[in-house]
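What follows draws every value from the coordinates through simple rules; no lab data is involved. What you see is a predicted model; the values in this text were computed from it and never measured. Note that we place each Cβ from the backbone using ideal geometry, even for glycine, and neighbour counts take in every protein chain shown.
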Amino acid sequence: MIGRIALQLAVLLIFAPLPLGVINKTKALFAGRIGPPVLQPYYDLGRLWRKGFVISRTTTWVFLAGPVVGLVVPLLAALLLPFGGLPAPISFTGDLILFVYLFGLSRFFTAAAALDTGSSFEGMGAAREVTFSCLAEPTLFFALLVLARGAKSLNLGSLFGSQLAGQWQGDASASLGLILVCLFVVLLVENSRIPFDDPNTHLELTMIHEVMVLDHSGPALGMVLYGASMKLMVMGALLVRIALPIQTGSILLDLLVFLAGLLTLAVLIGVVESTMARLQLPRVPQVLVGTTLISIFALVLVLR
Amino acid sequence: MNWLLIGLLLISISGIPGLFIDRTKGGGERMACGLVVLGALFCSWSLLLSISDPLQSFSSNWSVPGGQFNLVLDSISVVFIAPLLLVVATGAIYGLSYWPQQEHPGNGRKLRLFFGLISGAMILLLTARNSILFLIAWEIMALSGYFLITIEDRKAEVRQAGYIYLIATHTGTLALLGMFALLERSAGSTAFPTVASMPLAGSSMIFLIGLFGFGMKAGLMPLHIWLPGAHAAAPSHTSALLSGIMIKTGIYGLVRLTSFFAVIPDWWGWTLLLLGAVSGIMGVALALAQHDIKRLLAYHSVENIGIITLGLGLALLGRSYDQPSLVILGLAGCLLHVVNHGLFKSLLFLSAGSMIHAVGSREIDQFGGLHKRQCWTGLFFLGGAVAICGLPPFNGFVSEWLIYLGAFQPLQQPGSVLSLSLLIAPVLALIGGLALACFVKVFGVSFLGEPRSNGAALAKEAKRTMLWPMAMLLLPCAWIGLLPWSLRALLERAAIDWTGNRTLPPLAGDLAPLSAISLAGWILLGLLLLGGWWLQRQSRQASRDIGTWGCGYQFPATSMQYTASSLADNLVRLFRFGLCSKRHGGRIEGLFPDDDEFSSHTPDLVLDLTLTPAFAGIAWLFHRFRWLFQNGVVAIYLLYVALTLIVLLTLLTR
């Protein structure tokens, strides 16, 4: 048990920034640039780690609580999930609800930290974040319901367990395909990627997540970035597991499959980011409601 | 049981000694507070005794026909009374500084008299086992509630809120009178029937009338009309009692009423689920659109009543479809949320009162930066906010988690109609997301950033007698969140008391691993404290004398901060089909626009947009009638007399 937890955390902590590097490399290749090295996110984190803080005089302790919660939550959430063929270290009935609500906690404190600076830009970011996330949450639940229906169980460990492979061959394959699309959209929203948010934009007015952390600096900013990359990996693990329900039995092979899946996902995100423009902000809720409808359709398909 | 009666008596009469003391002196309020706390201690002792002796009862003959004066303290009553005692005691202590007699010589005594009376009446109501006794206690509670709401009756808005409350509560009481009359006809006595004893015949009418009467008190969505105004008008610690405890008597009524019947038709559960979902979503959407912090919290009560109703609806469905696991999860979620909402809503109202006391306004946009000035109040409010959003590691999460688990149960039975109840999960998720948005808005705008008004800039921390009650309410919130299994036995016994079925599955193991939730809560808390401590240590030497990055702008002003309305605007626009918000001004035209003002206002969907216009229309109609028929012409009146005579003669002389 302890060993499993340590392995899971190690995989998470070591590989989390890698997909970000791959996404940026893919985007650079699409744009005909060489782009930063794939390991650039690691260098960035190391650089931020050594830097000092600059903290606005307006802020209180809540400002520093944002990054802490943002880092701790993906760590805990990762323990509830199987990473590819590696089974979930901790699993109990109803942990899927804990999983979703943990991210709610991190959203609460990130948004509160943004408001703590008293800047209207960060307020704008906080408003958008809470709006879009509360529309994404029902979709996530519908997707989990579809999986729970197939697994006949309520813990993430068996929801994303070995039975997924059998489901792809059964009646549920259409639903699984639909929720794969829905979860991909949720992943893009929750991790502020194009077409919902542009992590590289230079205009504060148009950002969502980036603008919320505008005032963070040094190790606190490092924690935010690290937390965000871990969140991408945890949400990505959901998708990878559904798409590649392969169970080889050997830990090393399972791990390799998982990482390969994750990097493929990163390339996919990179392709989406390179080929799509950002959506207008008022369009985002419409897309999210549309995704919810697709996920309801998926649920109806498995319940009939 | 005798301890409970003594406590009940002490709490009820707590305000009376103060009536004989000079209105400018403070002796009466301390005496009242002491009596309330003492009474609450006596009652708590009785609740503790109920662990070993689960069915304490008291009965004596009385001169009212039809049954005895009968009180029983079973586990359902304990679940409702326990938070009541805590909220009443903390409210009484809080009132010492919030509403001191010397500052309010005109109404301080009235407030304490009815505060004690309503608390006593509620304890009586929650233990009564006789319809007439129940109705008497119900009416004392309803009327005391009216006097508490209209404490500041010099203000027109307060009087209006009071009238609406009075009309609503009496409409509810009328329904309850009818319901108990039907119940008596079916059961043959005014004593409450025993659990699961009533036949199906005639039960639906009783349920519908009861749902109307109790739903009116609980504030279920179309019947919530009295709630926002009343909770905004009352003093904060009274609002805490009304919102945290009094509206739960409606839920208690529904729980008790549904326990009488042996067979539950399935549409009861579906009706409750529908009402719960509507209350939950529309309650929180209306809350988002509010600017007045107490109105906002009041709408959150509607939301939470919705969540509680969802739990009860699931439990009823479990009984209709004979699914014991659904019964226990739904009912445990419902009852635990009753306790939780009582705790965190009171906490939020008390800390809101502390802000209102310090700033002198109820408008959220007048606060700002209060956390620096009111460190403890901010901390307590944050605790309450995290709890009400249902986030771990606080108590709101545990009860919502139980309801989620209940909603997921039908997955085990493919193909049944029950699968529809799966939709509860996304509904709860949406409610949770919206509540989170709302409390980010309230906490962020009131406590963080820079002060938005002079009052907020000069705010001072509340007195200790106001802070300790909040701490005493936050503590059980954390306790239930971190040690939920400690309430397991109580919830299981309550479920047995509700169904009369002793073979319900336990709330443990694979059904609802409460200990795992508890462990996760502790790990989360530990990691957060560790991370926070580390970052705090790292940032100790950081320079803190620079302003926030204004994107290059050098002269930021506090009025440039994001306001509460702007924060909620995205979501309010999404819900515009149900909210009908009105927006005035704010249009900017031309290259060099003139000064402009912007304001937005969200009327209540049922009261302001439906009932008021409807009643105004009816009043207009009757006015026209009177103008037509009672027009002051004597000849016409004589014609009426003649016509009446002719009609009577033709009818009666056959």
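Remark: the range B:155-168, residue by residue, has Karplus-estimated 3J(HN,Hα) of 8, 4, 5, 5, 4, 5, 4, x, 5, 4, 4, 4, 4, 5 Hz, where x stands for each Gly or Pro and the curve is 6.51 cos²θ - 1.76 cosθ + 1.60 at θ = phi - 60°.
If you model the range A:230-302 as an ellipsoid using its alpha carbon gyration tensor, with each semi-axis the square root of five times an eigenvalue, the axes come out at 29, 19, 9 Å, biggest first.
Take every pair of alpha-carbon atoms less than 8 Å apart whose residues are at least six positions apart; their mean separation over the length of chain A yields a relative contact order of 30 percent. Which residue fluctuates most in the GNM of chain A (Cα springs below 10 Å): A:Leu105, A:Leu263, A:Leu96? Looking only at A:Leu105, A:Leu263, A:Leu96, the largest GNM fluctuation is found for A:Leu105. So what's the angle, to the nearest 10 degrees on a 0 to 90 scale, between helix A:2-15 and the longest Cα principal axis of chain A? For helix A:2-15, the angle is close to 50 degrees. For the range B:168-313, the C-alpha radius of gyration sits at 1.08 times the compact-globule guess of 2.2 N^0.38 Å, with N the residue count.
Relative to the longest principal axis of the Cα atoms of chain A, the long axis of helix A:40-50 makes an angle of roughly 50 degrees. Computed on the range B:107-215, with alpha-carbon pairs under 8 angstrom and 6+ residues apart, the relative contact order is 26 percent. Taking packing as the residue-averaged number of other Cβ atoms within 10 angstrom, the listed peptides A:121-133, A:175-187 run from highest to lowest as A:121-133, A:175-187. With the charge dipole of the range B:1-193 set up from +1 on Lys and Arg Cβ and -1 on Asp and Glu Cβ about the Cα centre, the Cα lying farthest toward the positive end among the listed residues B:Gly66, B:Ala40, B:Trp99 is that of B:Trp99.
Selection among A:Leu176, A:Phe132, A:Val189 by position relative to the dipole of the range A:89-222 gives A:Leu176 as farthest towards the positive end (Cβ unit charges, Cα centre).
Quick check: from the Cα gyration tensor, does the range A:1-77 come out rounded (a/c under 1.5), prolate or oblate? Since a/c reaches 1.5 but b/c is at least a/b, the shape of the range A:1-77 is classed as oblate.
Summing charges over all other residues whose Cβ lies under 14 Å from the Cβ of A:Cys182, with Lys and Arg as +1 and Asp and Glu as -1, gives -2.
Over chain B, dividing the summed -39,500 (n - 2.57) contributions of all DSSP H runs of at least 4 residues by the number of residues returns a 222 nm mean residue ellipticity of -22000 deg cm²/dmol. Cα-based values for the range B:268-402, radius of gyration first and Dmax second, are 16.7, 55 Å. Comparing Cα centroids, the range B:26-54 and the range A:109-143 end up 44 angstrom apart. 3J(HN,Hα) along the range B:480-497: 5, x, 9, 10, x, 5, 5, 9, 4, 4, 4, 5, 5, 5, 4, 5, 5, 4 Hz, from the Karplus curve 6.51 cos²θ - 1.76 cosθ + 1.60 with θ = phi - 60°, whole Hz, x for Gly and Pro.
Residues whose amide H comes within less than 5 Å of that of B:Met198, counting only those at least five positions distant or on another chain, are B:Phe261, B:Ala262 (H built at 1.01 Å from N in the peptide plane). Within the protein assembly as shown, antiparallel bridges make up roughly 80 percent of the DSSP beta bridges whose residues both belong there.
What the Cβ-Cβ distance of B:Phe629 and B:Gln160 gives, at R0 = 35 Å and to the nearest 0.05, is a FRET efficiency of 0.65. Count Lys and Arg as plus one, Asp and Glu as minus one, and take only other residues whose Cβ is under 15 Å from that of A:Phe99; the net charge is then -1. Counted over all Cα-Cα pairs of the range B:524-654, pairs farther apart than 23 Å make up 73 percent. Under a Cβ-Cβ cut-off of 15 Å, what is the net charge of the residues other than B:Ala218 that fall near it, where Lys and Arg count +1 and Asp and Glu count -1? Around B:Ala218, the charge tally is +3.
State whether the range B:512-573 is rounded, prolate or oblate according to the following rule on the C-alpha gyration tensor (a ≥ b ≥ c being the square roots of its eigenvalues): a/c under 1.5 gives rounded; otherwise a/b larger than b/c gives prolate, and the remaining case gives oblate. Taking the square roots of the gyration eigenvalues as a ≥ b ≥ c, the range B:512-573 is oblate. Remark on B:Ile21: its backbone amide H falls under 5 Å from none of the residues 5 or more positions apart or on other chains, H modelled at 1.01 Å from N. Taken along its three principal axes, the alpha carbon spread of the protein assembly as shown comes to 104, 65, 63 Å, from the longest extent down to the shortest. A Cβ-based charge dipole, computed about the Cα centre of the range B:179-330 with Lys and Arg at +1 and Asp and Glu at -1, lands at about 240 debye.
Rg/Rh for the range B:608-652 (Cα atoms only, Rh after Kirkwood) is 1.26. With the charge dipole of the protein assembly as shown set up from +1 on Lys and Arg Cβ and -1 on Asp and Glu Cβ about the Cα centre, the Cα lying farthest toward the positive end among the listed residues B:Leu133, A:Asn200, B:Phe592 is that of B:Leu133.
Computed packing ranks the peptides B:182-193, B:16-27 as B:182-193, B:16-27, most packed first, by mean other Cβ atoms within 10 Å.
Across the range A:1-122, the mean sequence separation of Cα contacts (distance under 8 Å, 6 or more residues apart), normalised by length, yields a relative contact order of 29 percent. Mean per-residue shielding of peptide B:402-409 is 4, counting Cβ atoms of other chains within 10 Å of each Cβ. The calculated P(r) of chain A, using every Cα pair and 20 Å bins from 0, goes 33, 60, 7 in percent. Residue by residue, the range B:199-210 carries 3J(HN,Hα) couplings of x, 5, 4, x, 6, 5, 4, 4, 5, 5, 5, x Hz when phi is fed to the Karplus relation 6.51 cos²θ - 1.76 cosθ + 1.60 (θ = phi - 60°); x denotes Gly or Pro.
For peptide A:134-145, the mean count of partner chain Cβ atoms within 10 Å of a residue's Cβ comes to 6. Tell me the angle of helix A:18-30 to the major Cα principal axis of chain A, expressed in degrees between 0 and 90 and rounded to the nearest ten. Rounded to the nearest ten degrees, it is 80. Placing +1 on the Cβ of every Lys and Arg and -1 on the Cβ of every Asp and Glu, with no other charges, gives chain B a dipole of roughly 780 debye about its Cα centre. Among the trypsin sites (Lys or Arg not before Pro) found in the range A:1-34, those both in a DSSP coil and sparsely packed, with 11 or fewer other Cβ atoms within 10 Å of their Cβ, are A:Arg33. Quick one: grab the alpha carbon gyration tensor of the range B:209-281, order the square roots of its eigenvalues as a ≥ b ≥ c, and give me rounded if a/c is under 1.5, else prolate or oblate depending on whether a/b is larger than b/c. In terms of gyration-tensor shape, prolate.
With the highest mean first, a sort of the peptides A:106-117, A:216-227, B:64-75 on other beta-carbon atoms found within 10 angstrom per residue produces A:106-117, A:216-227, B:64-75.
Here's how it looks for B:Gly500: its modeled amide H is under 5 Å from none belonging to a residue 5 or more places away or on a different chain. Rounded to the nearest 20, the size of the Cβ-charge dipole of the protein assembly as shown about its Cα centre is 620 debye, with Lys and Arg at +1 and Asp and Glu at -1.
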